[in-house]
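The values are calculated or read from the model by the stated rules, or taken from the named source; none is laboratory data. This structure is a prediction, so every number in the text was calculated from the model and none was measured. Cβ atoms come from the backbone with ideal geometry, glycine included; neighbour counts cover every protein chain shown. The protein model used for the area step is the full one, side chains on, heavy atoms only, and it has no ligands, DNA or RNA in it. Shrake-Rupley method; radii C 1.70, N 1.55, O 1.52, S 1.80 Å.
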Amino acid sequence: MAPGNRTQVTEFILMGISDLAELQIPLFCLFLVIYGLTLAGNLGIIILTSVDSQLQTPMYFFLKHLAIINLGNSSVIAPKMLVNFLVTKKAISYYACAAQLGGFLVFIVAEIFLLAAMAYDRYVAICNPLLYLVVVCPRICLLLVALIYIYSLTTALTVSSCVFSMSYCSSNVINHFYCDNVPLLALSCSDTYIPETAVFTFSGTNLFFSMIIVLASYFNIILAILRIRSSEGRQKAFSTCTSHMVAVTVFYGTLLFMYLQPRTNHSLDADKMASVFYTLVIPMLNPLIYSLRNKDVKDALKRFLDNPCQSFRLMQI
């Protein structure tokens with residue numbers, strides 16, 4: 001297309017998960033339930049870890065922020081996705097698309113590094129229990145979470161600025177259910193080398209360093225547990241990190257599935273299914289993983305349900 005004939009795109013069309021008309025209402029109902037459970041579960045974790053005095057520890061401080069991130073990640077994607085199941089024209093404005101991409105990147109990067117921080121927290125608790133309250137004190141936890149949010153915001157601004165610095169003309173149909181960087185770059189009518197390099201550099205670097213922290217932490221945790229002589233001691237130590245291990249395995253497994261696919265067999269439909277998992281399904285599962293396998297959370301929920309008014313009064317005090 002000649003440069004003079006290009007028309008700048010002002011909105012994008014999201015193709016969604018499926019273009020079959022008969023599936024729109026069933027999919028709407030399914031994802032409405034998933035989003036409802038995500039809201040209920042993560043808000044429950046946030047409230048419990050805020051009001052219950054026995055959950056005022058570094059582990060539950062990180063868990064509260066994981067719930068905030070999961071809630072944010074789903075809320076950036078799900079409302080627009082649900083609306084698009086019910087309308088004929090699945091349009092999103094240029095600036096709303098940029099905001100959605102930026103919001104998604106903030107929360108996904110924050111989740112990657114928060115899971116790494118939670119793995120390090122479990123490493124210190126099991127491998128250096130006498131130093132735990134010194135190494136993972138409230139001030140350090142607050143600083144660590146603040147740095148994670150600042151870094152994720154910086155990454156999101158950098159990557160989304162690179163993606164939307166490209167020219168989009170003529171084609172505006174995104175083969176996805178939200179504004180993601182890869183399908184957006186595929187639509188650009190200008191040179192995408194710099195933004196593609198930025199996207200894959202940030203993605204690869206973030207995934208690599210966070211996984212190194214997680215793997216090193218759990219390698220040392222497993223060695224420390226194996227050195228415990230009593231089976232009861234091993235079981236108790238292992239139970240403190242089981243929930244996090246499950247959450248990490250599911251989350252990183254999904255991301256690795258996307259990044260390690262051979263380019264010759266790469267499928268956008270497979271990408272969409274993986275994206276559904278880490279943007280909508282995992283945020284719904286995390287509260288279940290941490291509550292069903294965690295006696296402290298179940299006891300806190302029981303105390304809260306017995307006397308919710310007193311719990312909120314204690315939080316205000």
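The table for this structure:
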item: Matching residues in segment 92-138 - criterion: being assigned to a strand (DSSP E or B) and open to solvent by 20 Å² or more (accessible area, probe 1.4 Å); result: S93
item: Cβ pairs under 9 Å, 6+ apart, first in segment 219-244 and closer than 22 Å to L55 by Cβ, second open to solvent by 70 Å² or more (accessible area, probe 1.4 Å) and part of a loop (DSSP other than H, G, I, E, B); result: S239/R293; T242/R293; S243/R293
item: Residue within segment 35-50 that is surrounded by fewer than 20 Cβ atoms within 10 Å (Cβ to Cβ), more than 17 Å from the chain's Cα centre (by Cα), among the polar types (S, T, N, Q) and not in a helix (DSSP H, G or I) present; result: no
item: Exclusive hit being modelled with pLDDT of 85 or more and more than 16 Å from the chain's Cα centre (by Cα), set F251, F238, F219; result: F219
item: Qualifying positions in segment 96-151 - among the aromatic types (F, W, Y) and under 19 Å from H244 (Cβ atoms); result: F107, F113, Y120, Y123, Y132
item: Qualifying residue in segment 150-166 (condition: more than 25 Å from N73 (Cα to Cα), assigned to a helix (DSSP H, G or I) and open to solvent by 50 Å² or more (accessible area, probe 1.4 Å)); result: no
item: Matching option when the condition is open to solvent by 40 Å² or more (accessible area, probe 1.4 Å) and outside any helix (DSSP H, G or I), among K64, K80, K89; result: K89
item: Any hit, segment 78-89, residues being more than 30 Å from Y193 (Cβ to Cβ) and within 14 Å of the chain's Cα centre (by Cα); result: yes
